[in-house]
Amino acid sequence: MPEATGTTAARSGEVLSEAGAEALVHGSCFRTGPPRLLGVELEWLVHDLDDPRVTVTPDRLEAAHASLPGLPVDALLTAEPGGQIELSSRPASSLTACVETMRADLAVVRSALRPHGLTLAGIGLDPWQSPRRFLREARYDAMERSLDRAGPAGRIMMCTSSSVQVNLDAGYEEPGPLGHVRRWQLSHLLGAVLLAAFAHSPAAEGRPTGWRSTRQLRWAEIGAERAGAPPLEAEPRAAWTRRALDAPLMCRRRTVGPWEVPEGTTFRDWLRRGAAGGSGPRREDLEYHLTTLFPPVRPRGFR
């Protein structure tokens, strides 16, 4: 399959062909080269400082989040749908540098939350609170309605879960222990080990669930098409391209009206309808679609 080029893949604003979409995903998912940089994304639940079982009201969450912009931190601070706080580090040249920077940033954020009577909680799934949306945005409205089709797991994931996400370079193009194919396979294999080692969510809504990682259970319940891994025996670029285009659309962005799409519609369906004379997707629609897929290892292709 060809790399994404100006002749095979549409530029921003142009309607995509199916071949153009395949070329874009195939050519951008793995940026190969020396594996030098790493980073982390840390999601934290926000709990009452004195009693984590107390429900934090929307007003308290609003005030806490309003105090975060402008803090002297190196990481990017963002809010998750349930009011969780996420810190995304810059790429670092060593694990030590990354950890030290994030430790300092976390101290600043905790200090900012303390006057509001709040603190950060590093638990995979909130053991006490029921899911409740904090962010009211079109993206999350559509996400909630889409995931509701499979049951309550989507809302739980959106509003009461947190995680540590590790970002790594893909590795070299050629075969070998530092090649991107080997690192892709190892990342998936090590995921199960890391899950077992750090499982930390045995309860939900005040009751034991029987799982060491209830968070992982809820992620699995979202469905393999959106949250599962592509076949690992296949060539990684080709496997990810097929998975991405055959995954169900979560939403279709519109300036007016709801973002919902008919259940079961895939991105490839949208491409083919556009080729048949409908309103086809553009490059930015494909890029947005990729942000709605949550496999355990995500080939983002960042430089």
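In percent, how large is the relative contact order of the range 38-164, given Cα pairs closer than 8 Å and 6 or more residues apart?
Working: 200 pairs, mean separation 46.5, N = 127.
After rounding, I find 37 percent.
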Do any chymotrypsin sites (Phe, Trp or Tyr not before Pro) in the range 184-227 lie in a DSSP loop with no more than 16 other beta carbon atoms within 10 Å, and if so, which? 211
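Stretch residue 300-residue 18 to full length: gain in nm at 0.36 nm per residue minus the Cα-Cα span? Write out the running numbers ahead of the final one.
On the way: separation 282, 0.36 × 282 = 101.52 nm, distance 2.00 nm.
The span from residue 300 to residue 18 would gain 99.5 nm if fully extended.
Divide by every residue of the chain the summed helix terms, -39500 (n - 2.57) for each DSSP H run of at least 4, and state the resulting mean residue ellipticity at 222 nm, rounded to the nearest 500 deg cm²/dmol.
Value at 222 nm, helices only: -11500 deg cm²/dmol.
Run the numbers for residue 93 and residue 133: contour at 0.36 nm per residue of separation, minus the present Cα-Cα distance, in nm.
Details: separation 40, 0.36 × 40 = 14.40 nm, distance 3.63 nm.
Length difference between fully extended and current span is 10.8 nm.
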Counting only DSSP beta bridges with both residues in the chain, what percent are antiparallel, rounded to the nearest 5? 90 percent
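Within 15 Å, Cβ to Cβ, of residue 116, how many net charges do the neighbouring residues add up to if Lys/Arg are +1 and Asp/Glu are -1? Let's see the in-between values first.
On the way: positive: 60, 110, 114; negative: 48, 50, 51, 59, 62.
Net of charged neighbours comes to -2.
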What net charge is computed for the residues neighbouring residue 143, neighbours being all others with C-beta under 13 Å from the C-beta of residue 143, Lys and Arg scored +1, Asp and Glu -1? +3
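Net charge around residue 43, counting only other residues with Cβ within less than 10 Å of its Cβ (Lys, Arg = +1; Asp, Glu = -1)?
Numbers: positive: none; negative: 41, 80, 86.
Within the 10 Å Cβ shell, the charges total -3.
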Quick one: Debye curve from the alpha-carbon atoms of the chain only, equal weights, vacuum; give me log10 I(q)/I(0) at q = 0.08, 0.09, 0.12 Å⁻¹ to two decimals. -0.39, -0.50, -0.91
Could you pull out the GluC sites (Glu not before Pro) across the range 93-170 that fall in loop regions by DSSP (anything but H, G, I, E, B) with no more than 11 other Cβ atoms inside 10 Å? 137
Assuming R0 = 25 Å, what is the FRET efficiency of residue 287 and residue 31, from their Cβ-Cβ distance, to the nearest 0.05? 0.95
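No lab work stands behind these numbers, since they all come straight from the coordinates. Bear in mind that the values here come from a model prediction, so they are computed numbers and not experimental data. Cβ atoms come from the backbone with ideal geometry, glycine included; neighbour counts cover every protein chain shown.
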